[in-house]
Amino acid sequence: MAPPDNTVLITGASRGIGAATAIAAARNGFNVAVNYVKDETAAQDVVQAVERQGRRAVAIQGDVGLPNDIQRIFQCAEETLGPLTALVNNTGITGPIGPFSGTTDATIERVFQVNVFGTIQCSRAALASFARHGTPGIIVNISSVAARTGSPGEYIHYAASKAAIDAFTLGLAREVAATGVRVCGVAPGSTLTEIHATAGEPGRPERIAPRIPMGRLAHPEEVAETVVWLLSPAASYMTGTVVQCTGGL
């Protein structure tokens, strides 16, 4: 159980893995800043779910692909909930599914702006916050099994962005370890979220399930439990590692 004053900011927390992580974190004693881009109603639903766990929460609109938004997100989180003790870089986009040869420059640039630069800049903001308050904070970056498989024929650019996150997680963890800050990653396999429909193939879960040794996709709550475990004292000696939550892939 986390101490009463623990507060986590979760990017992209209005749905999917982010929403499940917010609720699981609240159940484990965290106050939660719920970042979202467009769906305020969904974000407020997550806030209410956190509050039903007896914790405090706030929904904060902002696009982590925009540096100015990042500063506002962090400022609002701290003004409302107090000093942050953890960050979960959950926001991630794929763009349309298809061969790399047909992927547009705009899609590639947007995916890297959100997935890579957004994660890096949010991490930088979190480190500054931890330093201001003398907090041995925790950062968990959401990666993907795609960083290892490459996702040929689907979204190689997305896989590349997640591989960059894995390298960033390792390097940052080793750089800040002596300060008491931990940095870890979680690499989910394919998960039952809206990301498949958003990428243009709602039926993708049925298509890919047979490839997975466990024969099914993950539920968001299963990934969330892995994230929350890394945020907990039970993982106090873990840093610079990416936990695979992939059903055996």
Identify, from the list A49, A20, the residue that is assigned to a helix (DSSP H, G or I), in contact with an Asp or Glu (Cβ under 6 Å, 6 or more places away or on another chain) and either at positive phi or modelled with pLDDT of 95 or more (or both).
A20
Between a first residue in the range 69-94 that is more than 21 Å from N115 (Cβ to Cβ) and a second residue that is part of a loop (DSSP other than H, G, I, E, B) and β-branched (V, I, T), which pairs have beta carbons less than 6 Å apart while being 6 or more apart in sequence or on different chains?
T85/T135
Taking the stated definitions as given, is R110 charged (D, E, K, R) and outside any loop (DSSP other than H, G, I, E, B)?
yes
Matching residues in the range 151-168 (assigned to a helix (DSSP H, G or I), free of Cβ contacts under 8 Å to residues at least 40 places away in the same chain and closer than 19 Å to R211 by Cα) number 1
E78 vs. criteria surrounded by fewer than 23 Cβ atoms within 10 Å (Cβ to Cβ) and either among the β-branched types (V, I, T) or farther than 23 Å from I120 by Cβ (or both)
no
Can you tell me which residue in the range 169-194 is surrounded by the fewest Cβ atoms within 10 Å (Cβ to Cβ), limited to those that are touching a helix residue (DSSP H, G or I) at 6+ places or on another chain (Cβ under 7 Å) and in contact (Cβ under 8 Å) with a residue 60 or more places away in the chain?
E194
Among the residues of the range 129-140 satisfying the criterion of being buried (at least 17 other Cβ atoms within 10 Å of the Cβ) and assigned to a loop (DSSP other than H, G, I, E, B), which is modelled with the highest pLDDT?
G137
(1) at pLDDT below 95; (2) under 23 Å from F112 (Cβ atoms); (3) surrounded by 17 or more Cβ atoms within 10 Å (Cβ to Cβ) all hold for G247 apart from (2)
Set S123, S143: member being touching a Leu at 6+ places or on another chain (Cβ under 8 Å), among the hydroxyl-bearing types (S, T, Y) and at pLDDT 95 or above
S123
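The values are calculated or read from the model by the stated rules, or taken from the named source; none is laboratory data. These numbers were taken from a predicted model, which means no experiment stands behind them. Backbone-built Cβ (ideal geometry, glycine too); neighbour counts: all protein chains shown.
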